[in-house]
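**Q** One structure coming up, written as structure tokens, with questions to follow.
The values are calculated or read from the model by the stated rules, or taken from the named source; none is laboratory data. Remember, predicted model here, so these are calculated numbers, not experimental data. Don't worry about glycine lacking a Cβ; one is built from the backbone with ideal geometry, like all the others, and counts go over all protein chains shown. What goes into the accessible areas is simple: the full protein's heavy atoms, side chains included, and nothing from ligands, DNA or RNA. Shrake-Rupley method; radii C 1.70, N 1.55, O 1.52, S 1.80 Å.
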Amino acid sequence: MTAQAPGFWPPSGPEIIFLLLGAVTLGSAVLVVTTRQLVHAALWLVVCFGALAGGYLVLTAEFVAWVQVLIYVGAVVVLLLFGIMLTRAPIGRSADLDSGNTWAAALVAVAMAAVLVTVLVSGFRMAYAPLDPGQGAAKPLGSSVFRTWVLPFEALSVLLLAALIGAIVLSRTDIKGRQ
Amino acid sequence: MHVVYPVVVSALLFSIGVYGVLARRNAILVLMSVELMLNAVNLNLVAFDVWLRDRLHGGQVLTLFVIVIAAAEVGLGLAIVLAVFRTRQTIDVDRLRALSERAPGEADGEVRS
């Protein structure tokens, strides 16, 4: 696992691509949490998730990348846009999206980033993962889901059914509680 | 691929999500920040799965499960946000103080129904 780790310089081709995609991810994530327009936040979220899917591709996790594109970019962002429209949020620039404790939040986030990055860099500085394609393709992942992980898979389907029914019950208005 | 790169990207993404959860007032933006944090966890899982070469692909399968749970979570969360909007006419999390310990009638009387 950690054998023959090459140096950090020069970075290899996949590393350069991953770092560029990571920069896009982090930049668009910062725009998601700082933009003044609600719809733009959802659209920057698309950019963030798309760049992250590219990062999964570089890490040879192809199936996860396509599932990310399908579910996050396809479903979750559309659901969030529905939520924005249905709550009649002000479309356009609005000044009251940030609360008063922005500075405390920034302090907490910077402190957490410093601690995490310090610990992770000191812990995994020597770790090197050689990439060989095909490890995360649909075939090995599917056989492992349906052999080893089939019980959590079935439990998740029950969870999805429960979430579906719960969302329907919560959003219908003609269901009254017990008197 | 050095493991440091994806791990550091995911730590920074998680911190950005924490900032969003703490600093935003709109409930839908808070949900978006939670999604950012979940994505940071997913990137971590994939990176360590690739590093450890798990024969059962535990990391990537867990990533798929987290994606499914995130979809269920955002569906239920938006249903709750819509229910709150129907009863209170606002989804500003700073003004939803019905569960706070403060005595009633302390300048937040309008959100009490």
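**Q** At 7 Å along Cα-to-Cβ for each site, give me the label-to-label distance between A:ALA114 and A:LEU156 in nm.
**A** Taking the simple label geometry, A:ALA114 and A:LEU156 are separated by 3.8 nm.
**Q** On to the next question. So what's the net charge close to A:GLY166: Lys and Arg +1, Asp and Glu -1, counting the other residues with Cβ under 12 Å from its Cβ? Don't skip to the answer; put the middle values down first.
**A** Values: positive: A:ARG172; negative: B:GLU73.
Residues close to A:GLY166 contribute a combined charge of 0.
**Q** Along the Cα-to-Cβ line of A:ARG125, 7 Å from the Cα, sits a label point; which residues in region B:1-28 have backbone N less than 15 Å from it?
**A** Under 15 Å, as judged by backbone N against the label point of A:ARG125, lie B:3-5 of region B:1-28.
**Q** Moving on to the next point. Give me the distance in nm between label points sitting 7 Å out from Cα along the Cα-to-Cβ direction at B:LEU96 and A:ALA104, one decimal.
**A** In this crude label model, B:LEU96 to A:ALA104 measures out at 1.9 nm.
**Q** Over region A:11-93, what is the relative contact order in whole percent, taking alpha-carbon pairs under 8 Å and six or more residues apart? Please report the intermediate quantities before stating the final value.
**A** Working: 74 pairs, mean separation 27.6, N = 83.
That works out to 33 percent.
**Q** With every protein chain left in place, what is the accessible area per residue of region A:11-93 in square angstrom, probe 1.4 Å? The partial results should precede the final answer.
**A** Details: 3530 Å² over 83 residues.
Spelled out: the 1.4 Å probe surface of region A:11-93, per residue, equals 42 Å².
**Q** Could I ask something else about it? At 222 nm, what value in deg cm²/dmol follows for chain B if DSSP H runs of at least 4 each add -39500 (n - 2.57) and the sum is divided by all its residues, to the nearest 500?
**A** -24000 deg cm²/dmol
**Q** Taking all protein chains as present, what is the carbon and sulfur share of the accessible area of region B:4-99, in % to the nearest whole number, probe 1.4 Å?
**A** Details: 2300 of 3300 Å².
Exposed carbon and sulfur together represent 70 percent of the surface.
**Q** For labels at A:ASP96 and A:ARG36 in the simple 7 Å Cα→Cβ model, what's the distance in nm?
**A** A separation of 1.6 nm, rounded to one decimal place.
**Q** Sort largest first and round to whole Å: the equivalent ellipsoid semi-axes of the protein assembly as shown, each the square root of five times a Cα gyration tensor eigenvalue.
**A** Working: eigenvalues 268, 113, 49 Å².
Whole-Å semi-axes of the equivalent ellipsoid: 37, 24, 16.
**Q** Moving on. Between B:ASP54 and A:LYS176, what's the calculated FRET efficiency when r is the beta-carbon distance and R0 is 41 Å? Round to 0.05.
**A** Values: r = 50 Å, r/R0 = 1.22.
Taking R0 as 41 Å, the efficiency between B:ASP54 and A:LYS176 is 0.25.
**Q** Taking the dipole about the Cα centre of the protein assembly as shown, with the C-beta of Lys and Arg at +1 and of Asp and Glu at -1, give me whichever of A:LEU120, A:ALA167, A:PRO10 is farthest to the positive side.
**A** Toward the positive end, the furthest listed residue is A:ALA167.
**Q** How big is the Rg/Rh ratio for region B:4-99, C-alpha atoms only, Rh by Kirkwood, two decimals?
**A** On the way: Rg = 16.3 Å, Rh = 14.8 Å.
The Rg/Rh ratio comes out at 1.10.
**Q** Where Lys and Arg each count +1 and Asp and Glu each count -1, what net charge lies around B:PHE85 among other residues with Cβ under 13 Å from its Cβ?
**A** Values: positive: A:ARG88, B:ARG86, B:ARG88, B:ARG95; negative: B:ASP92.
With Lys, Arg at +1 and Asp, Glu at -1, the neighbours total +3.
**Q** Would you calculate, for chain A, the mean residue ellipticity at 222 nm contributed by helices, counting each DSSP H stretch of 4 or more residues as -39,500 (n - 2.57) and dividing by all residues, to the nearest 500? Mind dumping the intermediate values first?
**A** Details: 7 runs with 113 residues, N = 179.
Estimated from H runs of four or more residues: -21000 deg cm²/dmol.
**Q** So if I take the centroid of the Cα atoms in region A:13-58 and the same for region B:18-92, what is the distance between those two points in Å?
**A** 15
**Q** Considering only C-alpha atoms, what is the centroid distance from region B:1-16 to region A:107-179, in Å?
**A** For region B:1-16 versus region A:107-179, the Cα centre distance is 17 Å.
**Q** Mind checking the per residue accessible area of region A:94-179 for me, 1.4 Å probe, whole number of Å²?
**A** Details: 5840 Å² over 86 residues.
Here the residues of region A:94-179 average 68 Å² of exposed surface.
**Q** For chain A, what does the relative contact order come out to in percent, with C-alpha contacts under 8 Å and a separation of six or more? The partial results should precede the final answer.
**A** Numbers: 112 pairs, mean separation 46.1, N = 179.
The value is 26 percent.
**Q** If you count, for every residue in A:94-107, the Cβ atoms of partner chains within 10 Å of its Cβ, what is the mean?
**A** Details: counts 1, 0, 4, 6, 6, 8, 3, 4, 4, 1, 2, 7, 4, 2.
That works out to 4 on average.
**Q** Of all trypsin sites (Lys or Arg not before Pro) in region A:102-179, which ones are in loop regions per DSSP and have a Cβ with at most 11 other Cβ atoms within 10 Å? Before the final figure, lay out each step's value.
**A** Working: sites: A:ARG125, A:ARG147, A:ARG172, A:LYS176, A:ARG178; in loops: A:ARG125, A:ARG172, A:LYS176, A:ARG178.
Those satisfying the criteria are A:ARG172, A:LYS176, A:ARG178.
**Q** Counting protein heavy atoms only and a 1.4 angstrom probe, how many square angstrom of accessible surface do chains A and B bury in total, to the nearest 100? Kindly include the intermediate steps, with their values, before the conclusion.
**A** Details: alone 13850 and 8230 Å², together 14830 Å².
So the buried area, both faces added, is about 7300 Å².
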